[in-house]
1. Quick one: order Val108, Val196 by neighbouring beta-carbon count within 10 Å, fewest to most.
2. Which value does Rg/Rh take for the chain over its C-alpha atoms, Rh per Kirkwood?
3. At what distance in nm do the modelled label points of Gln149 and Ser26 sit from each other, each positioned 7 Å from its Cα along Cα→Cβ?
4. Once you order the gyration tensor axes a ≥ b ≥ c over the Cα atoms, which shape class does the stretch 3-146 get: rounded for a/c under 1.5, otherwise prolate or oblate by comparing a/b with b/c?
5. Calculated from DSSP H runs of 4 or more alone, at -39500 (n - 2.57) each and per residue, what is the 222 nm mean residue ellipticity of the chain, nearest 500?
6. If you rank Phe89, Phe111 by fewest surrounding Cβ atoms within 10 Å, what's the result?
7. Once label points are set 7 Å from the Cα along Cα→Cβ at both Ile107 and Asn213, what is their separation, rounded to one decimal in nm?
8. For the stretch 159-260, compute Rg over Rh where Rg is the Cα radius of gyration and Rh is the Kirkwood radius from the inverse mean 1/r over Cα pairs.
Amino acid sequence: MALITFISDFGDGDYYVPAVKAKMLSINPQLNIIDISHKVDTYDIAHAAFILRAVFKEFPKGTVHLVALNGTSNMTDGFIGIKLEEHIFIGPNNGVLSLLADYNPGIVVQFADIHIKDSTFPAKDILAPIAAKVASGAAIHDFGGPLMQMKKMMSRQFKATRKQIVGHVVRVDNYGNLITNIRKDVFEKLNPGKFVIEFSREGLTKINKSYDNVEPGDCFAFFNSLDLLEIGINHGHGSDLLGLRLDSPIYINFETTEQNA
């Protein structure tokens, strides 16, 4: 069965989401449409990209992913389709699709701008029909040509040396837990033994196994299912209690042999 995922910042209290779905189903009633989320923070490109990047590989190869942010009402940069790791993404050329990987996708198509300027609801009028037809067997090349310039956004990059990793909070989840961009493989490669995770006025010297590996009210740090360092407070709102926000710096300092000498 043809599979389409759908992510947007439309919320669930208006007609936008069902209208887009109805348009796709009118083209192919056999489509299987999976909602990833419609509660992306309004206009927050980084939020949408973080969620989609975290989950798209869990879907079967060949899945079509429809990305619709309220910014799609801005027609200046148009709409694009990309193919990345055997998945197809359809959305606005506003930078969101550039954040899905740390390398350029193999195929990028700029959709033809016929009728684009006439639409006040491009997610339904433009993106939904393309997504439905591609999921039904059409190629993204059928709807446009090579993209001359893909709009890109730069994601936060961590810095790593033999003595220190400097990362940042890239997402605060619904529980107030703080997800960083510090990767498990980098930590394990650099960690010689003793270390201190430093943020605000706190310091942790242990990597836990899970959220509840500490007593309620205590601070934890562990590598989550995305293999990213996550910090929080068991049964507490870590962001508020620790004074950490999006982009707050996180430091991991390693004890080196020079320091021990």
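1. Ranked by crowding around the Cβ, least crowded first: Val196, Val108.
2. 1.05
3. According to this spin-label approximation, the distance is 3.5 nm.
4. rounded
5. Counting only the DSSP helices, I get -5000 deg cm²/dmol.
6. Fewest-to-most Cβ neighbours within 10 Å comes out as Phe111, Phe89.
7. Inter-label distance under the simple model: 4.2 nm.
8. Reported Rg/Rh, Kirkwood definition of Rh: 0.95.
Read-outs: derived from the displayed coordinates by stated rules, not from any lab. None of the values given here were measured: they were computed from a predicted structure. For neighbour counting, all protein chains shown are included, and Cβ atoms are generated from backbone atoms with ideal geometry for every residue, glycine included.
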